[in-house]
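Here's the structure we're looking at; comments come further down.
The values are calculated or read from the model by the stated rules, or taken from the named source; none is laboratory data. Keep in mind it's a predicted model, so treat the numbers as computed, not measured. No Cβ is skipped: glycine too gets one built from the backbone with ideal geometry, and neighbour counts run over all protein chains shown. Note: areas computed on protein heavy atoms with side chains; ligands, DNA, RNA excluded. Shrake-Rupley method; radii C 1.70, N 1.55, O 1.52, S 1.80 Å.
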Amino acid sequence: MPERTKRTALAEALRAMREATGLTGVAFAQRLGWQQSRLSKIETGRQFPSPDDIAAWAEAAAADPGPLLDQLDRARAEHATWAEQYRRAGNATAKQASIGGRYETATHVAKFQPVMIPSQIQTYEYAADLLRSASGPGAWGASDQDIDQMVAARMARQQILYRPGKRIEVVVLEAALHTRLVSPAAMAGQLDRMLALEGLPSLDLGIIPATAIVPVYPMSGFVIFDSDLVVVETIGGEDSISDPDEVTRYVEWFRLLHQAAVHGRQAAGLIRAAIDSMKRHEMNGDPR
């Protein structure tokens, strides 16, 4: 039996509070002015309530929202931790496989990263260096063998780029072409790989130039699956968002980022400029 999580405990507490009023889910949703489906998702733990949702729920039940707000904080902290993500999946490798499942079933994937090359187009060397960084899976309990398997799974996942019917949109800041999260050799290979992908029918690679105004301030990366699910990625973990209103916001933010980016030959020009910059540094004896 799966371990009871803090998210599950929060959902159960909300349901118990509603049941204590003697109202059915339908009647309680009407009291809140919500669709019953929204109430059902919150009571079953499929959707995180917001603090405002908690306050409205407690008011409708004539109860104190304080304990529920504390539970919400603990549930969100648990949900966003990589260690917790790995534990739930079984291990870090199994977590990578579950991510692959999202990409397999989605027809349209839209991803934004501020300073990192997204996983869909990473080379083996870039992914291996990245996942072995100080803030990588090793910090959350993954072994060297786990990391090797995660890199292999990430490479296998890239086969979706060559499948008919898939549409993969990737937007990065130009900074991602210059930020050295990996070795110079791995970065050089990564930039070459990005040039080689130019013209791939399924892939739309956009780069927001350093001289452009970025329309959405880039706190963290995120990926949208079929406009149904958003996964927000942070240094400490990830958070899955399925609330339609929140997903709509991310879809609009990605549209603005995509619009600010250059594509095709212009994007390739920025990549070539980054390659030339690396070569100049090497000629001058600067490893950057």
Practice task
Using just the helices of the chain, give the 222 nm mean residue ellipticity in deg cm²/dmol: DSSP H runs with n ≥ 4 each add -39,500 (n - 2.57), and the total is spread over all residues, rounded to 500.
Solution key: -16000 deg cm²/dmol
Practice task
With both partners inside the chain, how many of the DSSP beta bridges are antiparallel, as a percent to the nearest 5?
Solution key: 55
Fill in the blank from the handout: Inter-part gap, Cα centre of segment 212-230 to Cα centre of segment 5-46, in whole angstrom, is 30
Exercise for the section: Using Cα pairs closer than 8 Å and at least 6 residues apart in sequence, work out the relative contact order for the chain, in percent. Expected result: 18
Problem - Unit charges on C-beta of K, R, D, E only; dipole of segment 155-265, Debye - result: 540
Fill in the blank from the handout: Result row for the chain, helices from DSSP H with C-alpha axial extent 27 Å or more and mean Kyte hydropathy at least -0.5, is 264-283
Practice task
Roll a 1.4 Å probe over the protein chains and send me the accessible area per residue for segment 171-288 in Å².
Solution key: 51
Exercise for the section: May I ask you to give the percent of accessible area on the chain that is carbon plus sulfur, with a probe radius of 1.4 Å? Expected result: 54
Practice task
Please report, in debye to the nearest 20, how large the charge dipole of the chain is about its Cα centre when each Lys and Arg carries +1 at its beta carbon and each Asp and Glu carries -1 there.
Solution key: 500
Practice task
For residue 166, list the aspartates and glutamates whose Cα falls under 20 Å from its own Cα; do not include residues on the same chain fewer than 8 positions away.
Solution key: 104, 198, 204, 226, 228
